[in-house]
Each structure stands twice: as C-alpha cells, then as structure tokens.
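I have placed the structure first, in the form of structure tokens, so that the comments after it can refer back to it.
The values are calculated or read from the model by the stated rules, or taken from the named source; none is laboratory data. Here the structure is a predicted model, which means the values were calculated and not measured. With ideal geometry, Cβ positions are generated from the backbone for all residues, glycine too; neighbour counts draw on all protein chains shown. Surface areas here come from the heavy atoms of the whole protein model, side chains and all, with no ligands, DNA or RNA. Shrake-Rupley method; radii C 1.70, N 1.55, O 1.52, S 1.80 Å.
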Amino acid sequence: MFRVIALLAVIALFAGGCSGMSNTNQRMLSGGAAGAGTGLLIGGPVGAVVGGGLGVAGGYAYDQHKKSEGSP
C-alpha cells in the first residue's frame, strides 16, 4: 500500500511541477520521477534513490541529445 501511495504522490508532484521550467529542467524532473517510481516498485527506498539518480542523468542526456539535433 505504501508503494502505491508513494507512486501516486510522485505522479501528482510531476504533473503540477513542470510549469515555468526550461526544457532541460522538465526532462530531468520527468526522468527522475520515472526512475524513482520504478525504483521504488522494484527495490524499495534504496531502489527509489538509485532509480531517481539514474533517471535525472538519463533526462539530462536526452536533453543534450535533443539540443544537438536542434530540437527545443
């Protein structure tokens, strides 16, 4: 039950927290939220921390790739 509540909280924060942010910030936030949620479901609190960190890094890498293509 805790995992479901935590995942719903992450989704709610993600949905409302992106207004007024740059594309880089949005991509890093969405990657971190997705990674943390997935990590929480798979590995509990430690998995959430690891997944969130990897998600932020992945969001940043994706943003840099999009910028190199000339996309916004």
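Laid out as a table, the results:
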read-out: Meets criteria (in contact (Cβ under 8 Å) with a residue 24 or more places away in the chain and not basic (Lys, Arg)) for SER22; value: no
read-out: Pair list, Cβ under 7 Å, 6 or more apart: segment 3-17 residue more than 17 Å from LEU29 (Cβ to Cβ), other residue modelled with pLDDT of 75 or more and open to solvent by 70 Å² or more (accessible area, probe 1.4 Å); value: ARG3/LEU41
read-out: Single match in ALA33, ALA9 (criterion: among the aliphatic types (A, V, I, L, M) and either open to solvent by 60 Å² or more (accessible area, probe 1.4 Å) or closer than 28 Å to SER71 by Cα (or both)); value: ALA33
read-out: Filtered residues of segment 36-52 (kept if within 13 Å of the chain's Cα centre (by Cα) and open to solvent by less than 50 Å² (accessible area, probe 1.4 Å)); value: ALA36, GLY37, GLY39, LEU40, ALA48, GLY51, GLY52
